[in-house]
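The values are calculated or read from the model by the stated rules, or taken from the named source; none is laboratory data. Since we're looking at a predicted model, the values are computed, not measured. Counting neighbours? That spans all protein chains shown, and the Cβs are built from the backbone with ideal geometry, glycine included. We work out accessible area using only protein heavy atoms, side chains counted, and drop any ligands, DNA or RNA first. Shrake-Rupley method; radii C 1.70, N 1.55, O 1.52, S 1.80 Å.
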Amino acid sequence: MTSDSPLDLPTTPDQTAPAGVTHPPYAFVALGALAGAVLVVTLLGATIARGHQFAFDRAIMLALRTPGDLATPVGPAWLKQVMIDVTALGGETVLTLVVVIAVGYLLAARHLLTAALVFGGTVSGSIAAKLGKGFVGRERPALVDHLVEVSSASFPSGHATNSAIIYLTIALTVMQIVPSRAARSFLFAATIAVVLTIGASRVYLGVHWPSDVLAGWSAGALWALAWWALGSWLRLRRSTR
């Protein structure tokens, strides 16, 4: 007779683990992660607003362009179009469609708590990201040519922040109702790959400093972690009633 570990047991929209398993203080994790997300943007934004420049920003952007021709990115000719296509995955239209489809599916499948977490986490996160842009107002890089059109402020990267918030929030909350360990691992790894590629594309296309993207990734990941912890706390409370 074999016994399943807590991670291998089937989960439901209302329960994440059987009774008797020790749980971390999810509510405090959620609050700490939200505070961390705000702190990242605030501290880095204040540093940039005072005129500080990061040496790695310039070095990375120049390394991604052909020496003597800053309008031409490094790599094969097809890579530019790939990056343009990838960066669209972090745009407002695609992200809105992703949220609508995810929430719609979860509601149809009667995963009401997960649907509420996805909706609440993604909408509130997108609002917070927009407020962060207005707080700093950093200008776009003028070091190299922009390979796509942009108009808003540069810090933090909206594509990096929103893709981390939305894709990771969906992945982490949905993982709580996926019974298979292998499926959860694949979902997490695939989501991380998508988020990292979207952020990298913004630097490759010359429309964001690397520090814009790093701040967006960090804040977005912490925001998603907060909603994962909130979901775990709510499921634990419901399972012990």
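Going through the stretch 90-117 one residue at a time, which ones are open to solvent by 20 Å² or more (accessible area, probe 1.4 Å), assigned to a loop (DSSP other than H, G, I, E, B) and not hydrophobic (A, V, I, L, M, F, W, C)?
ARG110, HIS111
So is GLY231 in a helix (DSSP H, G or I) and either of a type in the set (Val, Ile, Thr) or closer than 16 Å to LEU89 by Cβ (or both) or not?
Against the criterion (in a helix (DSSP H, G or I) and either of a type in the set (Val, Ile, Thr) or closer than 16 Å to LEU89 by Cβ (or both)), GLY231 does not qualify.
Could you tell me which of the residues ALA63, ALA49 is at pLDDT 85 or above, closer than 25 Å to PRO156 by Cα, of a type in the set (Gly, Ala, Ser) and open to solvent by 60 Å² or more (accessible area, probe 1.4 Å)?
ALA63
Which of the residues spanning the stretch 178-209 are under 25 Å from ILE127 (Cβ atoms), open to solvent by 10 Å² or more (accessible area, probe 1.4 Å) and modelled with pLDDT under 90?
TRP209, the sole residue that qualifies.
Suppose we filter the stretch 154-177 for residues that are in a loop (DSSP other than H, G, I, E, B) and open to solvent by 30 Å² or more (accessible area, probe 1.4 Å); how many remain?
So the count comes out to 0.
Might you let me know whether the stretch 142-153 holds any residue that is of a type outside the set (Gly, Ala, Ser), within 12 Å of the chain's Cα centre (by Cα) and open to solvent by less than 30 Å² (accessible area, probe 1.4 Å)?
No, every residue in the stretch 142-153 fails to be of a type outside the set (Gly, Ala, Ser), within 12 Å of the chain's Cα centre (by Cα) and open to solvent by less than 30 Å² (accessible area, probe 1.4 Å).
In the stretch 74-89, what residues are among the small types (Gly, Ala, Ser) and open to solvent by less than 80 Å² (accessible area, probe 1.4 Å)?
Once the filter is applied, which keeps residues that are among the small types (Gly, Ala, Ser) and open to solvent by less than 80 Å² (accessible area, probe 1.4 Å), the stretch 74-89 yields GLY75, ALA88.
Yes/no per residue for (1) at pLDDT below 90; (2) within 29 Å of TYR204 (Cα to Cα); (3) out of contact with any Phe, Trp or Tyr (no Cβ under 8 Å at 6 or more places or on another chain):
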{"residue": "ALA71", "(1), (2), (3)": "yes, yes, yes"}
{"residue": "TRP78", "(1), (2), (3)": "no, yes, yes"}
{"residue": "VAL82", "(1), (2), (3)": "no, yes, yes"}
{"residue": "THR87", "(1), (2), (3)": "no, yes, yes"}
{"residue": "THR93", "(1), (2), (3)": "no, yes, yes"}
{"residue": "THR96", "(1), (2), (3)": "no, yes, yes"}
{"residue": "VAL99", "(1), (2), (3)": "no, yes, no"}
{"residue": "LEU106", "(1), (2), (3)": "no, no, yes"}
{"residue": "THR114", "(1), (2), (3)": "no, no, yes"}
